[in-house]
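For reference, the structure is listed below as structure tokens.
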Amino acid sequence: MARVLMKGTEAIAEAAIQAGCNYFFGYPITPQNEIPEYMSAKLPKIGGAYVQAESEVAAINMVMGGGSTGTKIMTTSSSPGISLMSEGISYIAGCEIPAVIVNVMRGGPGLGGILPSQADYFQATKGGGNGDYRLLVLAPSTLQEAVEITQMAFDLALKYRNPVMILADGFMGQMMEAVEIREHVSGEIPPRESWALGCMGERGGKRSILKSLYLNPEDLEQHNIKLQKKYREMEKEVRFEAYLCEDAEILLSAFGTTARIARSAINNLRNEGIKVGMLRPITLFPFPSRKLAELASGTKHVLVVEMNMGQMVEDVEAAVCGKAKVSFFGHAGGIAPSVREIEDRIRAIL
Amino acid sequence: MKEIKIYERPKAWAKGVHTHYCPGCGHGITHRLICEIIDELGIQNDTIGTAPVGCAALMYDYIDVDFCEAAHGRAPALATGIKRTRPDKIVFTYQGDGDLASIGTAEIIHVANRGEKLTTIFINNAIYGMTGGQMAPTTLIGQKATTCPFGRDPQLAGYPMRMCELLATLETPGFITRVSVARPKYIIEAKKAIKQAFQNQIEGKGYSFVEVLSNCPTNWGMTPVQAFEWTESTMIPHYPLGVFKNFE
């Protein structure tokens, strides 16, 4: 497929189909409705299925069911919808079922608004549901990256048998950019016969039970220890972009759309001779703490910019661990930090 | 030729296990019926169950087929995802009254209305069993429970919900029936109904729903014998047995 101009939501939908996702379960919510609309038009034609669930609560449980058969499954929603899905996400993580969940974030709390936001960072990386579980969380900052991350997400979900969340925001969902979407062939993933439901015959009559219930406390602790081991193994999936960091005296840290705005500010400041760079986490969990600590030790100040009231900044502070001063700048409610505002902040730090 | 019938452990019953159910509970009987039917239809390797939240949460310990645990009330949605991605498999949900008629009302109505090619076994014992005897949407008027200690008052808690009748108002679902496991004569009918509900799915027909009036002597504060009698004398008059829809 040649490069075509596409809307973010549609690019994510097409990328998922090209990665072999033939099943989609979802519920309408702004600003991501183009994804279920796209899926409802395409999936029946390729032998898959689109089911419009009665709620996000039902949608995520359909995703759990689809994932439990070892099938590539996706759902998409936006912030309040993800809150409703949090129960199911906890079960999916506890039962170790692969699934891809896209959150096209909007402002909160509560009904909030429909404009872009990054206020679900905590929900995504610290868990909105109950229990000690983690999601692999990926945050694209261009539509081409969103395409690649979407396709990679299915492989990661199957490889780790874990829910993977793509954290986009309303800008990413609604903007248009030129993208190239290739058919994606999965790398090495465990065969579904090795664990999934529906393969009892192939396993010679040995059944599979997918559950998170362990009434014996020792068994439940062992289950948690096993999950934590898996989350530590995910450390090797850390992805980030270090932009003009080599000689940076001031380091910016931002993800997703905010990182695009920060990049423009950095370019302008560099033209003025101000040495500023950016560490852009692509995986929000696992967080690129080691790289951030390494870069922070060579700088005076780390400025974290987010479209929320300060969430990722807590992970940055933990990673920097006093090696540099950490400060925060952000907007909430659907307002994006402007290039000018970021430049002014940097100048004020100097 | 004389037919010899041997009463033996169904093959689909997991080897060497005994249930944790109380004496006189209807879960064990219903589990056994499901196992016998799985054997008779020869579908053990092709059946996927969803385990509920409630007393039957551990049913995968007893029925030897693939299982996935469902969150409270969500089994119909979970099973939808399983069946849509593996339409070649026989998928069933098994839910109690708190699970299906209270927290999972949206899921059960919509699974029926979409006509998912699934089988639902609904255990109605008019009370929350596992949590210790609280009032359910199906608790009868005047029936005492730990959260209606003076008996269910319809002015405060409404009337007991008849799920078969409710679902039968929908156009889509194919087979809706209510049975009981309170007496051998009812158990024979219950088995026929559950078997048809599985057979419908094998034939690719639409959604099948079997409500089983069951007993909970522990939380009803009765002996097993009293509980079986109470089901017959008090539950069945409010929840009449019979077929409400059969692909007409």
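The table that follows gives values for the structure above.
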| quantity | calculated |
| --- | --- |
| Charged-residue dipole, Cβ positions (Lys, Arg, Asp, Glu), the protein assembly as shown about Cα centre, Debye nearest 20 | 660 debye |
| Inter-centroid distance (Cα atoms) of the stretch A:98-168 relative to the stretch B:207-224, Å | 42 Å |
| Peptide A:207-218, shielding by other chains (average Cβ, 10 Å cutoff) | 4 |
| Long-range amide H partners of residue A:137 with built H, under 5 Å | A:165, A:284, A:285 |
| Residue order for A:160, B:7, A:91 - accessible surface, 1.4 angstrom probe, largest first | B:7, A:91, A:160 |
| Within a Gaussian network of chain B (alpha carbon springs, distance under 10 Å), most fluctuating of B:99, B:64, B:88 | B:88 |
| For residue A:102, residues with placed amide H under 5 Å, excluding near neighbours | A:75, A:76, A:77, A:166 |
| Unit charges at the beta carbon, dipole of the stretch A:80-206: most positive-side option, A:168, A:131, A:149 | A:131 |
| Global form of the stretch B:1-54, assessed from the alpha-carbon gyration tensor, a/c cut-off 1.5 | oblate |
| Whole-number D in µm²/s for the stretch B:85-132 (Stokes-Einstein; Kirkwood sum over Cα pairs; 37 °C, 0.692 mPa s) | 277 µm²/s |
| Ellipsoid semi-axes in whole angstrom, largest first, where each is sqrt(5λ) of the Cα gyration tensor of the stretch A:241-349 | 18, 17, 12 |
| Residue among B:76, B:149, B:160 with the largest mean-square fluctuation in a Gaussian network model of chain B, springs linking Cα atoms under 10 Å | B:149 |
| Selected from A:39, A:85, B:170, residue furthest toward positive end of dipole (the protein assembly as shown; charges at beta carbon) | B:170 |
| Karplus-derived 3J(HN,Hα), 6.51/-1.76/1.60, for each residue of the stretch A:105-122, Hz, glycine and proline x | 5, 10, x, x, x, x, 6, x, x, 9, 8, x, 7, 10, 7, 9, 4, 4 |
| Once the Cα gyration tensor of the stretch A:44-140 is diagonalised, semi-axes √(5λ) in Å | 22, 17, 12 |
| Long-range amide H partners of residue B:124 with built H, under 5 Å | B:212, B:213, B:214 |
| Cα centre as origin, Lys/Arg/Asp/Glu Cβ charges: chain B dipole, Debye | 200 debye |
| Average silhouette area of the stretch B:28-76, convex hull of alpha-carbon atoms, in square nanometres | 3.4 nm² |
| Per residue convex hull volume, Cα atoms of the stretch A:9-73, in Å³ | 70 Å³ |
| Whole-Å distance, taken between Cα centres, linking the stretch A:1-69 and the stretch A:291-350 | 35 Å |
| All Cα pairs of the stretch A:66-206, percent lying beyond 21 Å | 45 percent |
| Largest-first ordering by accessible area, 1.4 Å probe, given options B:169, B:47 | B:169, B:47 |
| Highest-fluctuation residue, B:157, B:227, B:197 considered, GNM on chain B with Cα pairs under 10 Å | B:157 |
| Distribution of pairwise C-alpha distances over the stretch A:188-287, 10 Å bins, in % | 13, 23, 21, 16, 15, 9, 2, 0 |
| Spatial extent of the protein assembly as shown: Rg and Dmax, with the Cα atoms as the point set, Å | 27.1, 102 |
| Carbon + sulfur, % of accessible area of the protein assembly as shown - ligands and nucleic acids excluded, 1.4 Å | 54 percent |
| Whole-Hz ³J(HN,Hα) from phi, Karplus 6.51 cos²θ - 1.76 cosθ + 1.60, for the stretch B:130-140, glycine and proline x | 5, 7, x, x, 7, 5, 10, x, 9, 4, 7 |
| Residue-averaged beta-carbon neighbours from other chains (10 angstrom radius) around A:192-203 | 4 |
| Nearest-20 debye value, the stretch A:241-349 charge dipole, Cβ charges on Lys, Arg, Asp, Glu | 100 debye |
| Cα-Cα separations in chain B greater than 28 Å, expressed as whole percent | 27 percent |
| DSSP bridge orientation in the stretch B:26-246 - percent antiparallel, rounded to nearest 5 | 15 percent |
| Fraction in percent of alpha-carbon pairs per bin - 5 Å, the stretch A:235-300 | 4, 19, 29, 23, 16, 6, 2, 0 |
| Selection from B:140, B:68, B:87 lying farthest towards where the dipole of the stretch B:63-146 points positive, charges on Cβ | B:87 |
| Those aspartates and glutamates that a straight Cα-Cα span of less than 19 Å connects to residue B:245, excepting residues fewer than 8 apart in one chain | B:116, B:165, B:171, B:189, B:203, B:211 |
| Among beta bridges that DSSP assigns inside the stretch A:241-349, antiparallel share in %, nearest 5 | 20 percent |
| Per-residue ³J(HN,Hα) for the stretch A:56-66, Karplus 6.51 cos²θ - 1.76 cosθ + 1.60, θ = phi - 60°, Hz, x for Gly and Pro | 5, 4, 5, 4, 5, 6, 5, 4, 4, x, x |
| Beta bridge orientation in the protein assembly as shown: antiparallel %, DSSP, nearest 5 | 20 percent |
| Rg over Rh [alpha-carbon atoms, Kirkwood Rh] for the stretch A:121-192 | 1.01 |
| Paired Rg and Dmax values of chain A, which use every Cα atom, in angstrom | 20.4, 70 |
| Per residue accessible area in Å² of chain A, where ligands, DNA and RNA are left out and the probe is 1.4 Å | 38 Å² |
| Where only alpha carbons of the stretch B:143-182 are counted, the Rg and the Dmax (Å) | 14.4, 39 |
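The values are calculated or read from the model by the stated rules, or taken from the named source; none is laboratory data. A quick note: this is a predicted structure, and the numbers were derived from the prediction, not measured. Positions of Cβ are generated from backbone atoms using ideal geometry, with glycine treated the same way; all protein chains shown enter the neighbour counts. Note: areas computed on protein heavy atoms with side chains; ligands, DNA, RNA excluded. Shrake-Rupley method; radii C 1.70, N 1.55, O 1.52, S 1.80 Å.
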